[in-house]
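Written below as structure tokens is the structure these notes are about.
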Amino acid sequence: MSNYAIEVKNVGMKFNLSQEKLDSLKEYVIKMLKGQLKYNEFWALKNVDFKVEKGDRVGILGLNGAGKSTLLKVIAGVFKPTEGEVVRHGRIVPLLELGAGFDSQYTGAENIYLYSAVLGYSKEFVDKKFDEIVKFAELEKFIDVPIKNYSSGMKTRLGFAIATQIEPDILILDEVLSVGDAKFRKKSEAKIMSMFKSNVTVLFVSHSLDQVKRICNKAILLEHGELIAAGDIDEVAAIYQEKTK
Amino acid sequence: MFKEQIETFKRYRFLLRELVKKGIKLKYRRSYLGILWTLLEPLLTTCVLTVVFGTFFGKDDKTFPVYILSARLLYSFFSTGTKSAMKSIRQHAGMIKKVYVPKYIYPLSSVLFNFVIFAISLIVLIGAMLVFRVFPTIWIFTAIIPLMMLFLLTLGAGMILSTMSVFFRDLEYLWDVALMLIMYTCAIFYKVETVANKGHGWIFKLNPLYAIIKDFRAAIYGQNMFASPAWVIMPAAVSVLSVLVGVALFKKHQDNFILHI
């Protein structure tokens, strides 16, 4: 087995930004016949190349529009990179913010099974973890209520509980720890800290440098889709601070 | 490569089951009669169709309700199955944007859950057969052939539609119109002869769903569908072809879905 959890090999991601969004067939055909289908090429990521060792907590830093979320989506397999490839060793679990991806008509309990299934876990596994998830999310009373009646805090808690209790190999956190009340925020940070012992790899995006410093031991810095620094958190954070001055 | 895909499929079997379950559960949630509607709905529509069209076309046929049901059930599976497959990608956009899952799972689960509902609704047909004394013969077992063709045709059409509708949402409306056309050329509530005698018989030869219905009716009414082999070969070929085209099209464009939902 390799010592790496994720290998990002020379990844480039190109988007065709069409001038206008064409939603109807009629528009499309007219524009095509007129030869007006023009695209602006835009490279959200270019030649990004790095490796993440198992058990590392990597902070991904960069200004807005640097390509952080795109990079996470490429790593999660949602975007297929235009160039290069991503090799993953282990199961990736992205944390859903505000319950995006839950089915609102489904109850909390049903959503736990559904979301675990989406992540590729088996029913037996979820059966075992079910009580822990409910307990951690503090939703014992509301677990049979449809998600649409949940508050945003409840959805966040449920999403966080599922993603962390099922013991993923690689956990992706994109700006998620800033939601929820202070109490749950502390609890979830503590949970992530405790997961380090079980050798979980974490990719973490946040605009709060303090939080990144607290949680991560490594970091990478993106600027305009290119990797400009990678290494220990303190070094990279110093460069980032320099940039944001 | 092929082996790898089977591995992935195995891994997501639980998801497929969950999605099928979800489709069935949510369809009737919050209705008082729940899953009973699967039986009531075709029963009631058949009553209406019998009253309305029986007076025109079915005066001399005492088994007219069976004639209607045997087509109406198949058509409504094709219609709801393709429609729900078509919308499946957009419906699960939240998931698709976050987590990697083999995307064919979504249209496949839509067709599957509608097939389960359809299978349950066949009970109504059995009931009607008993009431109107259309007793099954050995040929009833051949009904499995049109049912398989129907499943494949719906899956194939569903894959094609789900791919195309990601890029052109207009298709959802266009398909409604197309379905109406398909319905009227399926001979659900009239006898084929009334149209064929006027020289419009060729219409039926263009409609694979009609051919499937014809074969299914033959099995129900205790006839040998292979007596006219062209009516079996044509829909079988179209069904397999639709799946092949659907899978190829879906595979080619699935990586771009994310940019359009």
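The values are calculated or read from the model by the stated rules, or taken from the named source; none is laboratory data. All values reported here derive from a predicted model rather than from experimental measurement. Because the Cβ atoms are built from the backbone with ideal geometry, glycine has one as well, and the counts that use them run over all protein chains shown. Side chains are part of the model used for accessible areas, which takes the heavy atoms of the whole protein and leaves out ligands, DNA and RNA. Shrake-Rupley method; radii C 1.70, N 1.55, O 1.52, S 1.80 Å.
Points to keep in mind about this one:
- Restricting attention to the stretch A:114-141, the residues that are within 7 Å of chain B (Cβ to nearest Cβ), assigned to a helix (DSSP H, G or I) and either among the acidic types (Asp, Glu) or over 20 Å from the mean Cα position of the chain (by Cα) (or both) total 1.
- For the stretch A:12-27, the set of residues classified as at pLDDT 75 or above and either in a loop (DSSP other than H, G, I, E, B) or at the interface with chain B (Cβ under 9 Å from one of its Cβ atoms) (or both) consists of A:15, A:16, listed by residue number.
- Within the stretch A:228-244, at least one residue is aromatic (Phe, Trp, Tyr) and touching a strand residue (DSSP E or B) at 6+ places or on another chain (Cβ under 6 Å).
- Restricted to the stretch A:50-98, and to residues there that are assigned to a strand (DSSP E or B) and at the interface with another protein chain (Cβ under 10 Å from one of its Cβ atoms), the residue that is modelled with the lowest pLDDT is A:94.
- Any hit, the stretch B:210-219, residues being more than 24 Å from residue B:140 (Cα to Cα), free of Cβ contacts under 8 Å to residues at least 60 places away in the same chain, in a helix (DSSP H, G or I) and not charged (D, E, K, R): no
- The stretch A:160-245 holds strands (runs of 3 or more DSSP E) entirely within its bounds, and those carrying 2 or more residues that are out of contact with any Ser or Thr (no Cβ under 9 Å at 6 or more places or on another chain) map to A:201-205, A:218-223, A:226-232.
- In the stretch B:224-261, residue nearest to the other protein chains (Cβ to nearest Cβ) [restricted to those that are surrounded by 13 or more Cβ atoms within 10 Å (Cβ to Cβ) and among the β-branched types (Val, Ile, Thr)]: B:258
- When residue A:167 is tested against the conditions (1) more than 10 Å from chain B (Cβ to nearest Cβ); (2) open to solvent by 10 Å² or more (accessible area, probe 1.4 Å); (3) modelled with pLDDT of 85 or more, the lone failure is (3).
- Some residue of the stretch B:169-189 being open to solvent by less than 30 Å² (accessible area, probe 1.4 Å), in a helix (DSSP H, G or I), of a type outside the set (D, E, K, R) and more than 19 Å from residue B:78 (Cα to Cα): no
- Among the residues of the stretch A:76-90, the ones that are more than 15 Å from residue A:9 (Cβ to Cβ) and among the small types (Gly, Ala, Ser) come to 2 in all.
- Within the set A:87, A:126, the sole residue that is over 22 Å from residue A:175 (Cβ atoms), β-branched (Val, Ile, Thr) and open to solvent by less than 10 Å² (accessible area, probe 1.4 Å) turns out to be A:126.
- Test result for residue B:203, open to solvent by less than 60 Å² (accessible area, probe 1.4 Å), modelled with pLDDT of 95 or more and on the phi < 0 side of the Ramachandran plot: no
- Listed by position, the helices (runs of 4 or more DSSP H) contained in the stretch B:1-103 that have at least 2 residues being away from chain A (no Cβ under 14 Å) and more than 21 Å from residue A:113 (Cα to Cα) are B:2-11, B:37-57, B:64-91.
- No other residue among B:96, B:89, B:105, B:35 is surrounded by fewer than 15 Cβ atoms within 10 Å (Cβ to Cβ), closer than 22 Å to residue A:104 by Cα and touching a residue at least 12 places away in the same chain (Cβ under 8 Å) apart from B:35.
- Considering (1) away from chain A (no Cβ under 14 Å); (2) closer than 29 Å to residue B:34 by Cβ, the lone condition that residue B:152 does not fulfil carries the number (2).
- Meets criteria (modelled with pLDDT under 95 and more than 20 Å from residue B:187 (Cα to Cα)) for residue B:254: yes
- Within the stretch A:34-49, the residues that satisfy the criterion of being at pLDDT 75 or above and either over 23 Å from the mean Cα position of the chain (by Cα) or at positive phi (or both) are A:41, A:47.
- Tally of residues being surrounded by 21 or more Cβ atoms within 10 Å (Cβ to Cβ) and in a helix (DSSP H, G or I) across the stretch A:99-112: 5
- Flag for residue A:144 being assigned to a helix (DSSP H, G or I) and open to solvent by 60 Å² or more (accessible area, probe 1.4 Å): no
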